[in-house]
1. Give the residues of the range 103-121 that are surrounded by fewer than 24 Cβ atoms within 10 Å (Cβ to Cβ), within 20 Å of residue 146 (Cα to Cα) and touching a Ser or Thr at 6+ places or on another chain (Cβ under 8 Å), sorted by residue number.
2. So if I check each of 239, 264, which one is among the aliphatic types (A, V, I, L, M) and modelled with pLDDT under 95?
3. Among 11, 30, which is the only one that is outside any strand (DSSP E or B), among the β-branched types (Val, Ile, Thr) and either touching a residue at least 24 places away in the same chain (Cβ under 8 Å) or open to solvent by 50 Å² or more (accessible area, probe 1.4 Å) (or both)?
4. So, in the range 188-211, how many residues would count as being over 25 Å from residue 166 (Cα atoms) and touching a residue at least 12 places away in the same chain (Cβ under 8 Å)?
5. Tell me which residues, restricted to the range 109-128, are within 9 Å of the chain's Cα centre (by Cα) and within 20 Å of residue 156 (Cα to Cα).
6. Check the range 201-215 and report whether any residue there is part of a helix (DSSP H, G or I), touching a helix residue (DSSP H, G or I) at 6+ places or on another chain (Cβ under 7 Å) and under 30 Å from residue 76 (Cβ atoms).
7. Examine the range 185-192 for a residue that is closer than 30 Å to residue 60 by Cα and either among the hydroxyl-bearing types (Ser, Thr, Tyr) or within 18 Å of the chain's Cα centre (by Cα) (or both), and state whether such a residue exists.
8. Of the residues in the range 33-53, how many are in contact with a Ser or Thr (Cβ under 9 Å, 6 or more places away or on another chain), open to solvent by less than 20 Å² (accessible area, probe 1.4 Å) and part of a helix (DSSP H, G or I)?
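The values are calculated or read from the model by the stated rules, or taken from the named source; none is laboratory data. For clarity, every value in this text was computed on a predicted model and none was experimentally measured. Here the Cβ is made from the backbone with ideal geometry for all residues, glycine too, and neighbour counts use every protein chain on show. SASA here: full protein model, heavy atoms, side chains in, ligands and nucleic acids out. Shrake-Rupley method; radii C 1.70, N 1.55, O 1.52, S 1.80 Å.
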Amino acid sequence: MSPFTGSASRTERWKHLRLTTTDDGVATVTLARPEKINALTFGAYADLRDLLAELSRERSVRALVLAGEGRGFCSGGDVDEIIGATLTMDTAQLLDFNRMTGQVVRALRECPFPVVAAVHGVAAGAGAVLALAADFRVAAPSARFAFLFTAVGLSGGDMGAAYLLPRVVGLGHATRILMLGEPVRAPEAERIGLISELTGEGEADTRAAVLARRLADGPALALAQTKALLTAELDMPLAAAVEMDAATQALLMNGEDYAEFHAAFTEKRPPKWRGR
């Protein structure tokens, strides 16, 4: 994401979500519509897309937690405000909407900082895909992931789910999950690799914040490049992948953090990462 901007000013207030940041690089984005289990609206999708772009340009965030307020993470698209509305749209409008939801997923995958989803309760439909698009999923025992798109007569491959899910859990599990739409509860999600860490009940937000803090304290540029390579190399042949790895390492070996590691090792002290 380029840091260069045009005339648009920084957004000071987000209507459809809550953003908190710390001075040392951890941001928390909370889906804050608890009365609807944080069901997404057109505005919520657009705010997520635009917020991730702003944070990526500003380069002040080193790790981000994505959380949901209340009794669940996110129940997906609002049935009345989105599904009802889409029934009146023409094909061009529907294409614009579906492209926007995909842009949110791309923004989560392409932002230059790790994203940790803190999941408790339901993560359904689009909510499940948002969690899937994060780099880490820290989940409470109450968490359940439900990719419900076929249940409403749509393709299970929504918002990049058919691309991402097989790469996380394998084609066999992804086929079952996306076609049948049955909930994947926390114990199974841990077994098949859908979640990164299973916490105690009520601890997902806290554990996600701990992980985000650990990531933010690490070598930010190295982590950003690792994330970029994990995404870029999914569909590359080996020869192209190792060439991209070589070019990336050559650039990072010219960076301050690489020299700082050597200095810290020599001086027998912890490195002071600057993300450069």
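1. 121
2. 264
3. None of the others qualify; the one that does is 11.
4. Summing the residues that are over 25 Å from residue 166 (Cα atoms) and touching a residue at least 12 places away in the same chain (Cβ under 8 Å) in the range 188-211 gives 7.
5. 109
6. yes
7. no
8. 2
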